[in-house]
Amino acid sequence: MLELISEHACFGGVQQFYRHHSKEIGLPMRFSIFLPPQARQGKVPALYCLAGLTCTEETFMTKAGAQRVAAQLGLILIGPDTSPRAANLAGEADSWDLGVGAGFYLDATQAPWREHYRMYSYLLELYELVVQNFPVQSSAIGITGHSMGGHGALVMALRNPALFKSVSAFAPICAPSQGPWGVKAFTAYLGRNEEDWQEYDASALMQQRSTPFPAGILIDQGLGDQFLADQLSPHRFEAACQKARQPLELRRHAEYDHGYYFISTYVEDHIRFHHRTLNGAAG
């Protein structure tokens, strides 16, 4: 059952926040959804927006400034939370890059995380929940994300191309197996067998594909990003796309950092990219 927490008129549409019990997580979960004015008349395309470390279901909706263009074009925006809440696991709130706010959009296999930290399966559960309860055109759903959420968007799309017809990212963690954030999270959640990590590493996944998204993938990366050198590795994903013959527009921007000032600068481009691609998929 969906519990409406709050709703707010926004650019002729409505921004809503919901709570529901997740079978996959085994706990209550929250998500946000923006319904453009066109959704009152019938089903419209939708875009999942995955946030990064320390964020919640509110972050993208309150900071990215995406609703204005989504309302113009008729695109639903969906913002999941970034981890389970109130799992009450020992140490889950000790680090900002592991545990609460840092679910990494994977299904944990290691104790104590494996019971509740099932964010990959949760996103698939939420996908079905949204399609069943909101005016979403199921043949036209895309996914985007920032940082950890960019990692999640790329992984979800590459593993589920029949569900997600378009994909983009802002400063994604492109090769988590090769960076400190990813190594820390993967070791804790998945164990020390690095072969198990590959199913959640976008660069590794892309190397196993052949042109999975012929309409292209869009990535924006700031060159002033303090995490670029050690954590993000866009060059690895770029090389994997070349091997897979995957069209990729990887735009590098001087001076821009890792935060939402960067995202809000280019979010309109991403909304329009998904709108064009999803309309083609729906057609």
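Summary table below
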| read-out | value |
| --- | --- |
| Percent of alpha-carbon pairs separated by more than 32 Å within the chain | 17 percent |
| Lys43 - accessible surface, heavy atoms, 1.4 Å probe, Å² rounded to 10 | 140 Å² |
| Contact order relative to length of the range 92-133, as percent, for alpha carbon pairs under 8 angstrom and 6 or more apart | 27 percent |
| Accessible surface of Asp97 - all protein chains present, 1.4 Å probe, nearest 10 Å² | 20 Å² |
| Candidates Val14, Val44, Val155, ranked by Gaussian network fluctuation over the chain, Cα under 10 Å, top entry | Val14 |
| Solution diffusion estimate, µm²/s, Stokes-Einstein, the range 16-86, Kirkwood Rh from C-alpha pairs, 37 °C, viscosity 0.692 mPa s | 256 µm²/s |
| Dipole magnitude of the chain about its Cα centre (Cβ charges: Lys, Arg +1; Asp, Glu -1), debye to nearest 20 | 800 debye |
| Signed unit charges on C-beta, dipole axis of the chain, positive-most listed residue Trp197, Leu77, Ile173 | Leu77 |
| Accessible-area order (highest first, 1.4 angstrom probe) of the listed residues His275, His258, His21 | His21, His275, His258 |
| 5 angstrom amide H check on Gln137, placed H, neighbours 5+ away | Val44, Ala46 |
| Karplus-derived HN-Hα couplings along the range 241-254 (A = 6.51, B = -1.76, C = 1.60, θ = phi - 60°), whole Hz, x at Gly and Pro | 5, 4, 5, 8, 6, 8, x, 9, 9, 9, 9, 9, 10, 4 |
| Reach of Lys63 by Cα under 29 Å, taken over lysines that are not fewer than 8 positions away in the same chain | Lys43, Lys165, Lys184 |
| Trypsin sites (Lys or Arg not before Pro) restricted to DSSP loop in the range 1-38 with at most 16 other C-beta within 10 Å | Lys23 |
| The range 61-143, dipole about Cα centre (Lys/Arg Cβ +1, Asp/Glu Cβ -1), debye to the nearest 20 | 320 debye |
| Total formal charge among the other residues, if their Cβ is under 14 angstrom from that of Ser177, Lys/Arg +1 and Asp/Glu -1 | -3 |
| Residue-averaged 222 nm ellipticity for the chain, from DSSP H runs of 4+ at -39500 (n - 2.57), nearest 500 | -10000 deg cm²/dmol |
| Relative contact order computed over the chain (Cα-Cα under 8 Å; 6+ residues apart), in percent | 17 percent |
| Heavy-atom accessible area per residue - the range 1-110, 1.4 Å, Å² | 40 Å² |
| With every protein chain in place, the chain: carbon and sulfur % of accessible area (1.4 Å) | 48 percent |
| Under the Debye formula (equal points on every Cα, no solvent term), log10 I(q)/I(0) of the range 152-223 at q = 0.28 Å⁻¹ | -1.31 |
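The values are calculated or read from the model by the stated rules, or taken from the named source; none is laboratory data. Computed from a predicted structure; not experimentally measured. Here Cβ is always computed from backbone atoms with ideal geometry, including for glycine, and neighbour counts include all displayed protein chains. Note: accessible area is taken over every heavy atom of the protein model, side chains too, but ligands, DNA and RNA are not part of it. Shrake-Rupley method; radii C 1.70, N 1.55, O 1.52, S 1.80 Å.
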